[in-house]
Amino acid sequence: MMKNWFKSGAPWIWMTAGAVSLSLISVLGLLLMIAWRGLSYFWPADIYEFQLEQGQAQQKIIGEVYDTEEVSTKRLREAGLTIPSSAGESVERLLVKTGNREFVELDFRWILETDIKSAAKTTGIAVFERSKNGNFYGYVKHVIIDGQQADAEKLESVIERAVDINDKALDLQNDEIGAINYRLEKIRLEKRALELEGELTEEVKTQYQAEIEELNKNYQEYEKELFKLRQAANRDAVVVEDMRGELVEIPATQILDVHFPNDMTLLAKTGRFFVQIGKFISDDPREANTEGGVFPAIFGTVFMVILMAVIVTPFGVIAAIYLHEYAAKNNVTKIIRIAVINLAGVPSIVYGVFGLGFFVYMLGGSIDELFYPEALPNPTFGTPGVIWSALTLAILTLPVVIVSTEEGMSRIPSSLRQGSLALGATKAETLWRIIIPMASPAIMTGLILAVARAAGEVAPLMLVGVVKMAPTLPLDGNFPFIHVDRKFMHLGFHIYDVGFQSPNVEAARPLVYATAFLLVTVIVALNITAIGIRNHLREKYKSLEH
């Protein structure tokens with residue numbers, strides 16, 4: 001009976017189903033773990049006030065508990081710490097974020113349970129999110145408005161005013177002043193180009209000088225307005241009592257937000273949770289990427305993947321059409337197919353080295369010599385940028401698109417080709433009107449696989465365009481609006497940088513999970529979009545199959 005059961009193949013079916021189930025459970029478990037560790041980063045944590053007693057010394061600590069762990073008392077005593085004899089074999093210690101980075105050595109510290117005299121979630125503790133030096137914890141005493149002391153009740157209005165002024169100053173600096181600087185640099189390059197061609201006449205110099213004077217005049221006006229905004233913001237401040245018991249004056253220009261987590265209801269914390277997620281998605285990074293948002297990294301990732309898809313799709317489809325429809329079935333074609341398959345197994349860092357050597361130095365350097373001689377020796381395209389990253393990943397994912405497109409073409413019955421030719425259509429018309437539309441779902445499948453792989457690649461991008469902090473996005477309001485020569489930020493590299501290059505490891509750890517979950521979300525969103533397009537194409541051209 002058992003022998004017949006094994007011969008029937010049923011055990012292998014159940015083993016396969018079990019392996020698939022375990023794989024799905026593992027993937028879901030991993031995603032849930034990343035989501036939990038990442039999303040909990042945005043939840044407003046309770047702030048504790050600890051009274052510590054270490055021998056004769058007493059100290060007050062204010063902060064939020066990040067982590068707890070059990071430590072052997074023997075290990076602590078060997079490290080020179082005094083542990084009471086009443087303690088057991090292990091002692092719990094807490095990792096507390098104390099903030100106030102300018103007044104303490106580290107904004108994270110370990111506290112032993114045996115040193116805690118009392119711990120209370122005191123109401124009225126404020127958490128200030130600042131543009132530098134991280135969070136600040138303390139009790140608000142009063143505020144300063146236009147140099148005059150005012151009640152603490154006006155705290156929100158002071159911060160709203162400071163944030164509004166900072167936003168106006170940032171917009172003025174990035175838009176109006178940034179556009180003037182961009183145009184001045186363009187004029188310098190245009191004059192240099194005309195000088196190299198021998199066409200820089202006195203009349204042209206006079207025209208450029210008049211434009212430069214007008215731009216400088218506008219620059220001075222905007223600069224005065226910028227100084228007025230900064231002076232208005234500098235007149236406001238918040239006075240806070242910190243954990244040392246001292247009063248600290250925090251300039252309003254440094255404050256981005258404030259909340260009182262111990263005073264918040266569950267509904268208020270939920271609202272704050274979603275606000276923090278929104279800020280994480282829409283803000284720029286700060287403090288060496290350990291704080292703030294990741295919008296430039298999201299934009300760079302999506303922009304690079306879309307540019308890669310635009311490049312790889314036509315090349316992959318054309319190559320697949322040639323191999324399947326036109327190439328003779330000989331040894332050369334076999335070698336080409338073997339080469340395509342082998343390309344899929346080449347390590348991604350090798351593509352990065354190739355992209356740096358061929359695209360950046362050879363192709364980009366040649367473009368600079370031919371079209372941008374006025375900018376030399378400063379490179380324009382002869383330096384890593386988003387276009388070279390997209391081209392490198394296009395080559396990386398090209399075999400996937402070729403193989404998937406060929407598979408789709410091989411499933412199209414030859415009778416359709418013969419029927420189209422019999423009705424008087426040429427081979428090119430048959431390809432364009434019959435073969436490619438019917439193979440479009442397979443093309444989209446290859447594109448989905450290409451996007452999934454390209455969005456998660458980091459190693460080659462480190463050589464051909466991605467940076468820790470990009471000063472500007474590849475898309476802005478300056479002509480030609482899309483600047484494919486610029487460097488960019490990427491979510492995958494952001495995870496690597498925050499997780500392994502951060503000066504503050506403890507602060508960066510939850511941010512790694514949050515960014516990883518966001519990267520998975522972006523990849524899923526791109527794939528769902530491509531799958532929707534594929535299903536639409538499948539339904540649209542289903543009639544051709546009949």
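Every number in this text was worked out from the coordinates using simple rules, so none of it is lab data. What you see is a predicted model, and the numbers here were worked out from it, not measured in a lab. Cβ coordinates were reconstructed from backbone atoms using ideal geometry, including for glycine residues, and neighbour counts include every protein chain displayed.
Positive contributions from Lys and Arg (+1) and negative ones from Asp and Glu (-1), summed over other residues with Cβ under 15 Å from the Cβ of R244, come out at -4.
Candidates T98, N4, A45 compared by Cα position along the dipole of the chain: farthest toward the positive end lies N4, with charges placed on Cβ.
By how many nm would the segment from N535 to K60 grow when fully extended, if each residue of separation counts as 0.36 nm and the alpha-carbon distance is taken off?
On the way: separation 475, 0.36 × 475 = 171.00 nm, distance 6.19 nm.
Separation in residues times 0.36 nm, less the Cα-Cα distance, equals 164.8 nm.
Size of segment 156-268: Rg and Dmax of its alpha carbons, in Å, are 23.0, 73.
So, with +1 on the Cβ of K and R and -1 on the Cβ of D and E, and no other charges, what is the size of the charge dipole of segment 301-488 about its Cα centre, to the nearest 20 debye? Before the final figure, lay out each step's value.
Numbers: 11 positive and 10 negative charges, 132 e Å.
For segment 301-488, the charge dipole is close to 640 debye.
Between S26 and V275, the contour length at 0.36 nm per residue exceeds the Cα-Cα span by 86.5 nm.
Compared with the alpha-carbon gap, the fully stretched path from S282 to D175 is longer by 36.7 nm at 0.36 nm per residue.
Using the Karplus relation 6.51 cos²θ - 1.76 cosθ + 1.60 with θ = phi - 60°, the per-residue 3J(HN,Hα) values for segment 358-368 come to 8, 5, 6, 6, 7, 5, x, x, 5, 4, 4 Hz, with x marking Gly and Pro. Computed from the Cβ-Cβ distance with R0 of 51 Å, the FRET efficiency linking I482 to I335 stands at 0.85. Over the chain, the reciprocal of the mean inverse Cα-Cα separation, the Kirkwood hydrodynamic radius, stands at 28.9 Å. Per q in 0.13 Å⁻¹, report the Debye log10 I(q)/I(0) for segment 301-488, using one uniform scatterer on each alpha carbon and no solvent. Evaluating at q = 0.13 Å⁻¹ gives log10 I(q)/I(0) of -0.77. Geometric descriptor of segment 250-346, per residue, is 182 Å³ (volume of the convex hull of the Cα atoms). In the chain, taking the dipole from charged Cβ atoms about the Cα centre, the farthest positive-side position among Q231, A454, V248 is held by A454. The E214 and L189 beta-carbon pair, evaluated with R₀ = 22 Å, returns a calculated FRET efficiency of approximately 0.75. For segment 457-464, backbone phi angles converted through the Karplus equation (6.51, -1.76, 1.60; θ = phi - 60°) give residue-by-residue couplings of 6, 10, 3, x, 5, 5, 9, 10 Hz, Gly and Pro being listed as x. Reducing segment 291-370 and segment 474-546 to their Cα centroids gives an inter-centroid distance of 18 Å. What the Cβ-Cβ distance of V104 and K74 gives, at R0 = 30 Å and to the nearest 0.05, is a FRET efficiency of 0.55. Placing +1 on the Cβ of every Lys and Arg and -1 on the Cβ of every Asp and Glu, with nothing else charged, gives the chain a dipole about its Cα centre of roughly 2960 debye.
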